[in-house]
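Inspection log for the structure reproduced underneath, given as structure tokens.
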Amino acid sequence: MGRLSRALTKLELPADQQINKWINDDLRPVPPERQTWDALQYAQLWFLVNMNISTYQTGSSMLAAGLSWWQALIAILVGNFLASGFAVLNSFSGATSHLGYPIVSRSVWGMYGAYFPVLNRILLSVVWYGVQAVIGGKMVWICLRAIWLDIDARIPNTLPDNIGITSSQFVGYFIFNVFCCVFIWFKPTQLRPYFHGASVIVVVALFALLGWAIATSRGFGSVIGGESVLSGSKLGWTLCNSIMAVIGSISAGILNQNDYTRFARKTSQATWPQFISFNLSASTIGTIGIFITAATQEQYGNGQALWDLSSLFAAMQDQGGSGARAATFFLAVVFMLSQLSINVPGNVLAGGLDVASVLPKYINLRRGAYILAALSVLPNPWQQLASGSTFLSVLSAYAVFLGPMIGLLCTHFYLIQHRRFHVPDLYDGVKESIYWYNYGVNWRTVVAWVCAVFPSMPGFVSSVNPSLKVSEGWSHVFSLSFVLGFFLAAVLSYGLHLLFPVRYDGTTVLEGLASDTNSGRFEERHVDDKGADVTMTKAAESV
């Protein structure tokens, strides 16, 4: 035990302020001097998040799923409108309190219960980081293929045919991960100029690719004028599923909105600018993906929708000469950089903060990010990109679990807490904390989440494993997973808190947080289990 104790002591994080199992420097409320984000930076945030291949493929994969171009366009526009609305709704709590997602979760789930949504967010980050890394790795593979067209022969495939990746593509995946690990070392503020530059360059590249596709294919061929291969209820539910896929593709960013909006200079600067830039950027890139796929379907896909951008580039290399190989090389470099600009801040750093909240005494954001990157290979992310329909199912699956969590966050902030936090209690794991609930867990939230997730589970299981058949009704429920889960969780949570109110000092939390009678608690001294003062006076005054 002596050696273990010494090893753990060496792993403890250095800090200028008190660290315990509830707090470290990355988890503290953002101080006023760091509340510097304005409207322009939040508008740039969503341009950065959406200017990447996965947003492109969200639209293009809908053609592969059987929708016509205009039906896919409707799904893109409706899905992004709803997603941006949910994002703005969930942004206020961080913008007003300057608290991150792991800390706000404690007010909803309880001090120990908050580990559950945070672990879910970590798992999602692991999976989504891996998927984005595979997409970025395929761009590295395209670069290698532009130099050595016979790279698949040079690196013979020794992997099974049904896993969605070849040995040469795995080399690209490995190289891309090395790039990610280098970027993780730098602070996010140091990388901001690069990320913004990459988002601008990829827009230029996408419009250039669209112009080339239309010019070389002499328009869109029969794809634009053709009808959907689907009809009736099949078409309607595929459209619903596509809309949920659009929301699901960005649901992680909606869930942890607080991690971004906590840096807001003013609340208003973190809300409407996001709504506008989210819709504009995501809808533009998704639409470009639809049109490029439509324009190249006949010439390069032999009638099949090449929804995967790497497949399109490979077909261009096979059918073109040295000029096509040079063009695809530079395009692949641009798109690889765009994948870095979304995967590092959007997945690995955001997930790293969640990892840090689990063991704040030993793990900071950087350490958490490296742990997350190392775990990302375990879910076999390449299998989730096997086909357009599989890709859409993966995106929809995220919505099953995250939709209810977002509903719980919004309901708790607006209706139960009345936009108020007792900040010191969020860092005080004692029974006197109003966020202790029952043994550190808010059972009302747990019940609401389970009940909201359950209706979508049969359809979710069937989408993950198609060999397991479920009734058509369960599949339809799954097609509404995010919206259904959001509102079910919201209604159940509010109802349970009304029926079984949380009591503190003789009053209910609903009454206490809505009034000013408890404001003095912000100035009370709060100590950890070792007697160290962890009162957050400044943060409390800011709310």
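Is the shape of segment 48-88 rounded, prolate or oblate, going by the alpha carbon gyration tensor and its root eigenvalues a ≥ b ≥ c, with a/c under 1.5 for rounded and a/b larger than b/c for prolate?
oblate
Listed highest first by mean packing, meaning other Cβ atoms within 10 Å per residue, what order do 418-426, 437-445 come in?
For the peptides 418-426, 437-445, the packing ranking is 418-426, 437-445.
With the Cα gyration tensor of segment 14-91 giving a ≥ b ≥ c as the square roots of its eigenvalues, does the rule (a/c under 1.5 for rounded; else a/b larger than b/c for prolate; else oblate) give rounded, prolate or oblate?
The shape class here is prolate.
Here is the link list: K21/K138; K361/K431; K187/K431; K138/K361. Which ones come out longer than 31 Å on Cα distance?
Too far apart for the 31 Å limit: K21/K138; K187/K431; K138/K361.
For segment 117-168, what class follows from the C-alpha gyration tensor (a ≥ b ≥ c being the square roots of its eigenvalues): rounded when a/c is under 1.5, otherwise prolate if a/b is larger than b/c, else oblate?
Values: a/c = 5.30, a/b = 2.19, b/c = 2.42.
It comes out oblate by the Cα gyration axes.
From the C-alpha coordinates alone, can you work out the Kirkwood hydrodynamic radius of segment 39-542, in Å?
Computed over segment 39-542, the radius equals 23.6 Å.
If we count other beta carbons within 10 Å of each Cβ, what is the order of T287, T58, fewest first?
By the 10 Å Cβ count, ascending, the order reads T287, T58.
Return, ordered by residue number, the residues of segment 35-70 whose backbone nitrogen is under 15 Å from a label point located 7 Å along Cα→Cβ of K266.
So the set is 36-43.
Can you tell me which of 348-357, 267-276 comes out highest on packing, and rank the rest after it, using the mean Cβ neighbours within 10 Å?
Packing proxy ranking, top to bottom: 348-357, 267-276.
If we restrict to alpha carbons, what Rg and Dmax does segment 299-367 come to, in Å?
Taking only Cα atoms of segment 299-367, I get Rg and Dmax of 19.1, 57 Å.
Net charge near F92, counting Lys/Arg +1 and Asp/Glu -1 over other residues with Cβ under 13 Å of its Cβ?
+4
Of K469, K138, K361, how do they rank once you tally other Cβ atoms within 10 Å and put the fewest first?
The order, fewest Cβ neighbours first, is K469, K361, K138.
Sorted by average packing, counted as other Cβ atoms within 10 angstrom per residue and highest first, what order do 146-155, 473-482 take?
473-482, 146-155
Is there a quick way to get the dipole size of segment 39-542? I mean about its Cα centre, with the Cβ of Lys and Arg at +1 and of Asp and Glu at -1; what is the value in debye to the nearest 20?
Working: 26 positive and 22 negative charges, 96 e Å.
In total the dipole reaches around 460 debye.
Hey, fewest Cβ within 10 Å first, where do T166, T216, T296 land in order? Let's see the in-between values first.
Values: T166 19, T216 14, T296 26.
By the 10 Å Cβ count, ascending: T216, T166, T296.
For segment 347-357, take each phi angle, set θ = phi - 60°, evaluate the Karplus expression 6.51 cos²θ - 1.76 cosθ + 1.60, and give the result in whole Hz per residue in order, putting x for glycine and proline.
Taking θ as phi minus 60°, the curve returns 10, 6, 6, 4, x, x, 5, 5, 4, 4, 6 Hz for segment 347-357.
Any read-out appearing in this document is the output of simple, stated calculations on the displayed coordinates, not a laboratory observation. Please read all numbers here as calculations on a predicted model, not as lab measurements. All Cβ positions, glycine included, derive from the backbone under ideal geometry; neighbour counts span all protein chains shown.
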